[in-house]
1. Among 45, 73, which comes first, then next, by fewest other beta-carbon atoms within 10 Å?
2. Would you mind ranking 95, 129 so that the residue whose beta carbon has the fewest other beta carbons within 10 Å leads the list?
3. If neighbour count is taken as other Cβ atoms inside 10 Å, put 35, 71, 16 in order from fewest to most.
4. Pull out a ≥ b ≥ c, the square roots of the eigenvalues of the alpha-carbon gyration tensor of the stretch 163-221, then state rounded if a/c is under 1.5, prolate if not and a/b is larger than b/c, and oblate in the remaining case.
5. Report relative contact order for the stretch 7-219 in percent, whole number only (criteria: Cα-Cα under 8 Å, sequence separation at least 6).
């Protein structure tokens, strides 16, 4: 009941260029200022069930924050720019972010769940000699740390996901798709360290990831 609502004000600018043979090139930039940022923060509080103060984690207004970023996107066919190239459809997206929570000491005083950037690369290609379409996608997010509060530091490992598929088309209404998700699996862990005057509490969770294969019959009725 004591929480104030978060208020965000910002500016966003974008530019898009549609290519003559299909596809798009775009750039987008944004800036936002956030007031009364809410985050779960542990603090010593007087509680009715104990004679001494206890650490209690609850949502609190911790201060103000600013964030800005740049997003680049391109979708096009390779032979639009490279003569004699295969007609491969390419997709790419690069996002770069920066943020700062003013009332929390740096250097990792960023917004929650905001990495420094993300990268996506993808393609698909339909063979001319066979009714076969091949495709794939790679997503990468670097590892990063967040100073959640003056007492708590959270660590997140990097993420890398690679997917691929092959689609054999028998007719416009019938096909068989073989797909593989997470072809280059990484172990993924998150950790947290809470440091007080008298104690250090460290936690770490996560585990391995695995490749998933799927064979699917696709029909359109």
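All of the numbers you see were taken from the coordinates with simple rules; none came from a lab. This structure is a prediction, so every number in the text was calculated from the model and none was measured. As a convention, Cβ positions derive from the backbone with ideal geometry for all residues, glycine included, and neighbour counts pool all protein chains shown.
1. Numbers: 45 12, 73 17.
Placing the least packed residue first, the sequence is 45, 73.
2. On the way: 95 17, 129 5.
Going from sparsest to densest Cβ surroundings: 129, 95.
3. Values: 35 14, 71 18, 16 10.
By the 10 Å Cβ count, ascending, the order reads 16, 35, 71.
4. Numbers: a/c = 7.10, a/b = 4.42, b/c = 1.61.
Since a/c reaches 1.5 and a/b is larger than b/c, the shape of the stretch 163-221 is classed as prolate.
5. Details: 518 pairs, mean separation 25.3, N = 213.
Result for the stretch 7-219 is 12 percent.
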